Amino acid sequence: MSGPDKDSVMSRWMWTGRSYDLGKMSFRDLAAAYSTYYAIHAYLIVAVVSLFVAVRVADGWRPALTGAVAAVILYPFAWYLIHRFILHSRSLYKSRWTAASWKRIHFDHHQDPHRLEVLFGALWTTLPTIAVVTVPVGWLLGGPAGAAAALSAGLITTCVYEFGHCVQHLNYQPKSAFLKRIKRLHLAHHFHSERGNFGIMSFIPDRLFGTWYDAVRDVPRSATTFNLGYDRAEAARYPFVAELTGAPPLDRPPLAGEGEVGQTAATELWLPRRRATK
């Protein structure tokens, strides 16, 4: 199923095997899909447990508050570094051991930015990463209470970021000037040049590290915005991601009316060549 219908996301609670198209969803559909996604539930459960631990072990309010504030401040910088240097790294698709992870956590999202199920982070990668980023800082600043509070704050911030990210790709124009601005900047990352605007809810790190651009005229259009450098030549050399996809990488989204027909034709032309070179 893609997009809402009479048996829409509002009345379904299972995500397995489902596909959602943000270009065809309303804000209400998105809110329902978001609230029923298992990773969001996991983040909130762990956040509540961590907050409970922080309150139980805290000797006063200062250690827990310090840890939580530090996590919120650190979060956009950690996201920036991960997004720029890991998710956009061209080394991960070159190994069979990391290709599947890279495909799931970022390549699929750039190939089709409207697919909700690959917009959300994969729980098995995001949860450990959030813990690794927040817990040591919280512990350093506030001991056990600071560590637990930092983890809780990091997970709640993740929920906010995930929802904001969904809104940025939703066929919906926010009323807030702030949301309009960050949506414009993020969509430029997806549809003009992926070499800048790595932020989601905050673009302060982009400004500090020289990767921010406010208007598309400020930087050249990138030829690798949708394939992240994993084009057909790279797929021939490193076929691991393409074999998992069962199709050649897209250099652009399907044209209007082309949809799966165009992609199927491209796949049929590409796969025989792949078999012949093995």
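The table for this structure:
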item: Alpha carbon convex hull of region 85-171, projected area averaged over orientations, nm²; result: 6.5 nm²
item: Coil-residue GluC sites (Glu not before Pro) of region 170-260, DSSP, other Cβ within 10 Å capped at 15; result: Glu258
item: Heavy-atom accessible area order for Tyr43, Tyr161, largest first, 1.4 Å probe; result: Tyr161, Tyr43
item: Full-extension gain in nm, Phe209 to Phe163, via 0.36 nm per residue minus C-alpha separation; result: 14.0 nm
item: Solvent-accessible area per residue, Å², over region 52-117 with all protein chains present [probe radius 1.4 Å]; result: 55 Å²
item: Dipole magnitude (debye, nearest 20) for region 73-120, charges at Cβ of Lys, Arg, Asp, Glu; result: 240 debye
item: Unit charges on C-beta of K, R, D, E only; dipole of region 134-243, Debye; result: 420 debye
item: Computed accessible area, Cys159, all protein chains, 1.4 angstrom probe, square angstrom; result: 10 Å²
item: Packing-based order for 141-154, 58-71, using average beta carbon neighbours within 10 Å, highest first; result: 141-154, 58-71
item: Estimated inter-spin distance, Leu179 and Ala31, nm [label 7 Å along Cα→Cβ]; result: 1.0 nm
item: Compactness of region 104-221 as Cα Rg over 2.2 N^0.38 Å, two decimals; result: 1.18
item: Probe 1.4 Å - accessible area at His41, Å² to nearest ten; result: 80 Å²
item: Assigned charges on the beta-carbon of Lys, Arg, Asp, Glu; region 189-258 dipole about Cα centre (debye); result: 120 debye
item: Largest to smallest accessible area among Trp212, Trp102, Trp139 [probe 1.4 Å]; result: Trp139, Trp212, Trp102
item: Order of exposure, largest accessible area first, which applies to Lys183, Lys94, Lys175 with probe 1.4 Å; result: Lys175, Lys94, Lys183
item: Convex hull of region 32-178 built on C-alpha atoms - directionally averaged projected area, nm²; result: 10.0 nm²
item: 13 Å beta-carbon shell around Ala99, net charge (K/R +1, D/E -1); result: +3
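The values are calculated or read from the model by the stated rules, or taken from the named source; none is laboratory data. Because the structure is predicted, anything quoted here is derived from the model rather than measured. We place every Cβ from the backbone using ideal geometry, glycine too, and count neighbours over all the protein chains shown. Note: accessible area is taken over every heavy atom of the protein model, side chains too, but ligands, DNA and RNA are not part of it. Shrake-Rupley method; radii C 1.70, N 1.55, O 1.52, S 1.80 Å.
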